[in-house]
Amino acid sequence: KDVIREWLRTDRRVAVLDIGPGSGTYGKMVREVQPNNWQLIAIEAWEPYVEEFNLDSIYDEVRISDVRDAPASWVEAFDYVIVGDVIEHMPRADAEKLLLRLTSPGWATNYKVIVSFPVLHLDQGPYAGNHYEVHVDHWTIGDMDVFCAKNGIRVLDKGHGDVLAWYMLEGRKR
């Protein structure tokens, strides 16, 4: 996550969308490196997390929806979209569709899409009744590399540690 922190620190973008913020890890990171200069919006599928993790104190706005059902207008006009530790929580086909939507012209106007996912196969069930926490699929670095290459998605940077892999993808503007 230090690499992601550096990406954010060295950029001067102004609008960030955090998909599936959970406890607000990436939102806190944005606020740390760019305290109040950036607009920060979240799309969270599990409404109880807003209160449990005090997401309203981190984000300028928290929109409640499974991102797969969210209107396209909810993800337009952001300089960064963070998909942090999200894709392993949905079937592969849904994750691929989401990533294609976020990086394809005609749906989103994103410039950079940050994706992180566990490199370890970690079984995880529901948390406090939240079925969105279940790990449904396991992505490898090779899986992401092949997916990006096959779909013409430009990888601007990538890396991995012992637990997480991270990618910065180019979102193609309309």
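The values are calculated or read from the model by the stated rules, or taken from the named source; none is laboratory data. Here the structure is a predicted model, which means the values were calculated and not measured. All Cβ positions, even for glycine, are placed from backbone atoms using ideal geometry, and neighbour counts span all protein chains on display. Side chains included, ligands, DNA and RNA excluded: accessible areas come from the protein's heavy atoms. Shrake-Rupley method; radii C 1.70, N 1.55, O 1.52, S 1.80 Å.
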(message) Of all beta bridges DSSP finds with both residues in the chain, what is the antiparallel percent, to the nearest 5?
(response) 40 percent
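Sequence gap at least 6, Cα distance under 8 Å: using those rules, report the relative contact order of the range 90-162 to the nearest whole percent.
Relative contact order for the range 90-162 comes out at 29 percent.
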(message) Give me the 1.4 Å probe accessible area per residue for the range 110-174, excluding ligands and nucleic acids, in Å².
(response) 53 Å²
(message) Students sometimes get this wrong: rank 121, 89 by accessible area, probe 1.4 Å, all chains present, largest first.
(response) 121, 89
(request) Using a 1.4 angstrom probe on heavy atoms only, work out the carbon and sulfur share of the accessible area of the chain in %. (result) 50 percent
(message) Can you give me the long-range amide H partners of residue 158? Hydrogens built in the peptide plane at 1.01 Å from N, cutoff under 5 Å, separation of 5 or more residues or another chain.
(response) 168
(request) Taking only protein heavy atoms into account and a 1.4 Å probe, give the accessible area per residue of the range 1-57 in Å². (result) 48 Å²
(message) Skipping prolines and chain starts, which residues have an amide H placed within reach, meaning under 5 Å, of the one on residue 18, given they are 5 or more residues away or on another chain?
(response) 41, 42, 43, 82
(message) Can you compute 3J(HN,Hα) from phi for each residue in the range 117-125, using the Karplus curve 6.51 cos²θ - 1.76 cosθ + 1.60 with θ = phi - 60°, rounded to whole Hz and x for Gly and Pro?
(response) 7, x, 8, 8, 7, 10, 6, 8, x
(request) Would you please put 149-159, 71-81, 25-35 in order of how densely packed they are, using the mean number of other Cβ atoms within 10 angstrom per residue and starting with the highest? (result) 25-35, 71-81, 149-159
(message) Classify the range 20-95 from the C-alpha gyration tensor, please: rounded if a/c falls under 1.5, else prolate or oblate depending on whether a/b exceeds b/c.
(response) prolate
(message) If I model a spin label as a point 7 Å beyond the Cα along the Cα-Cβ vector, how far apart are those points for residue 94 and residue 10 in nm?
(response) 3.5 nm
(message) Among (i) 1.01; (ii) 1.16; (iii) 0.92, only one was calculated for this model; which label is it, if the read-out is Rg/Rh (Cα atoms, Kirkwood Rh)?
(response) (iii)
(message) Please compute the contact order of the range 1-111 in relative form: average sequence separation of alpha-carbon pairs under 8 Å and at least six residues apart, divided by the residue count, as a percent.
(response) 29 percent
